[in-house]
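The values are calculated or read from the model by the stated rules, or taken from the named source; none is laboratory data. Quick caveat: nothing in here was measured; it's all calculated off a predicted structure. Glycine also receives a Cβ, built like all others from the backbone with ideal geometry; neighbour counts cover every protein chain displayed.
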Amino acid sequence: MTLSKKLTVWARLLLGLFIQLLGPNGSLAQTYLLRPDRVFDGETVHENWVVRVKGDKIEAAGPAGSVSATGAELIDLKGTTLMPGLIEGHSHLLLHPYNETPWDDQVLKEARSLRVARATVHAQKTLLAGFTTVRDLGTEGADYDDVGLKQAINQGIIAGPRMVVATRALIATGSYAPKGFSPDINVPQGAEEADGHDALIQAVRRQIGKGADVIKVYADYRWGLMAEARPTFTLDELKLIVEVAKSSGRGVVAHAASAEGMRRAILAGCETVEHGDVGTPEIFNLMKQHSTALCPTLAAGDAVSQYRGWKKGQEPEPERIRQKRITFRQALDAGVTICAGGDVGVFSHGDNARELEMMVQYGMKPLDVLRSATSINADVFHLADRGRVRPGLLADLVAVTGNPVTTIADIRRIRLVMKGGTLYQR
Ligand SMILES: [Zn+2]
């Protein structure tokens, strides 16, 4: 980015923040009439619709002519598709790509202040890429820093997406740490260790008390000297975590790659399974039966394979990628609800569209991918105030040049980003 372009971006952000200060309290609430070529409302596509925004909410949406233009500033979005602000289902704003710094070194060597400083930039890039909400699934050793980051965004101190935060995440003792150290050394873990009845209840409640919107557990991991993912918590431990979280109105999401880790997470009542790389048709049927959603994180596995030396496009796909294509197909065939979430942080923040493109490459229709990234993510994450273009919902909107329903890559051609009626990119 050139300096002048950077300055322009900042000027826009400052303008956005200024408008936000004026906006929400009535008399100065800005009213816009957005006129794109078409509107994807989170479920279906409507040609020649317009959307009226007042303050931080969508006031009306429908065919041009059926929606009043009186008193509204017209924003002509010719050549674009207008959609609900995209929802990233799996991010780590406190991580940066592993080809820049391996995960182990981020956890062990980077100061928390450095990690937070980076995260503020990650938040801005995410928003400007059209992702107005993220479900941020763990700080990876940075304690409760996601809570402060969320507050900084909500208070208008920095620009960023709305955040659903998991705080530290829960792991069974010794199961999620930087590798390669003598067993005589205690290495800090990437999440909070807790086991057994009392300690788990306390850990879940402590995380909730400090700001967790959702509880994240690692139901399996590459653990000890074994190279393969193996289950960590017992089924009873997972059930207890779900019971305690649920009694406070919060859901539980499970990292699980192995079939047995997935099975326990599903039976325990976790709402989403993250990754699910080595699922089986039987496990995906179980997910369908229990209405457990899958967040496939295709882009993370793809990125990690490339970091390990795979020359994508020049060399055949490694076994891990071939297997992922097969298991993702099995999940689709079983009718499992698919969330959109890339595990961003493993790869660059702001490049969130990579997951959506890969979902198409791995067999989903672009329209279904767009539903996953908007209305389905909103439903699965219990975010009833967003994810659709509908009167009364938050005016979180994005316009892209072209038509991502036919060409998913158009999702990157950002023309306008609005969050809560505030323009961040125009
Ligand atoms: Zn993750």
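Structural remarks
- Residue, farthest from the ligand (Cβ to nearest atom), within the stretch 333-349, restricted to residues that are hydrophobic (A, V, I, L, M, F, W, C) and out of contact with any Gly (no Cβ under 6 Å at 6 or more places or on another chain): 334
- Out of 96, 92, 122, sole residue that is under 20 Å from residue 419 (Cα atoms) and within 16 Å of the ligand (Cβ to nearest atom): 122
- Selection from the stretch 222-271 of residues that are hydroxyl-bearing (Ser, Thr, Tyr) and under 20 Å from residue 173 (Cα atoms): 232, 234, 258
- Among the residues of the stretch 114-165, those that are in a loop (DSSP other than H, G, I, E, B), more than 17 Å from the chain's Cα centre (by Cα) and of a type in the set (Gly, Ala, Ser) comprise 141, 142, 156.
- Of all the listed residues (321, 326), the sole one being more than 16 Å from the ligand (Cβ to nearest atom), assigned by TED's automatic domain parsing to the domain that holds residue 292 and either under 21 Å from residue 272 (Cα atoms) or modelled with pLDDT under 95 (or both) is 326.
- Hits in the stretch 292-306 - residues which are touching a Pro at 6+ places or on another chain (Cβ under 8 Å) and away from the ligand (no atom under 13 Å from the Cβ): 305
- Selection from the stretch 272-285 of residues that are within 16 Å of the ligand (Cβ to nearest atom), in a loop (DSSP other than H, G, I, E, B) and crowded, with 24+ Cβ neighbours inside 10 Å: 276
- Residues of the stretch 337-354 that are of a type in the set (Gly, Ala, Ser) and surrounded by fewer than 24 Cβ atoms within 10 Å (Cβ to Cβ): 348, 350.
- Residues in the stretch 185-202 that are modelled with pLDDT of 95 or more and assigned to a loop (DSSP other than H, G, I, E, B): 191, 194, 195, 196.
- Within the stretch 248-265, considering residues that are closer than 22 Å to residue 378 by Cβ and surrounded by fewer than 24 Cβ atoms within 10 Å (Cβ to Cβ), the one nearest to the ligand (Cβ to nearest atom): 251
- Among the residues of the stretch 226-260, those that are farther than 18 Å from residue 200 by Cα and in contact with a Lys or Arg (Cβ under 9 Å, 6 or more places away or on another chain) comprise 228, 229, 230, 256, 257, 258, 260.
- Flag for residue 135 being more than 24 Å from residue 302 (Cβ to Cβ) and either within 16 Å of the ligand (Cβ to nearest atom) or not assigned by TED's automatic domain parsing to the domain that holds residue 185 (or both): no
- Which listed residue, of 262, 226, is assigned to a helix (DSSP H, G or I) and among the hydrophobic types (A, V, I, L, M, F, W, C): 262
- Matching residues, the stretch 219-234, being surrounded by 15 or more Cβ atoms within 10 Å (Cβ to Cβ) and over 11 Å from residue 270 (Cα atoms): 220, 221, 222, 223, 229, 230, 231, 232, 233
- So residue 356, is it among the aliphatic types (A, V, I, L, M), touching a helix residue (DSSP H, G or I) at 6+ places or on another chain (Cβ under 6 Å) and within 16 Å of the ligand (Cβ to nearest atom): no
- Test: residue in the stretch 140-163 that is outside the structural domain of residue 411 (by TED's automatic domain parsing), touching a strand residue (DSSP E or B) at 6+ places or on another chain (Cβ under 8 Å), on the phi > 0 side of the Ramachandran plot and within 16 Å of the ligand (Cβ to nearest atom): no
- Any hit, the stretch 93-103, residues being touching a residue at least 60 places away in the same chain (Cβ under 8 Å), surrounded by 21 or more Cβ atoms within 10 Å (Cβ to Cβ) and of a type in the set (Ser, Thr, Tyr): no
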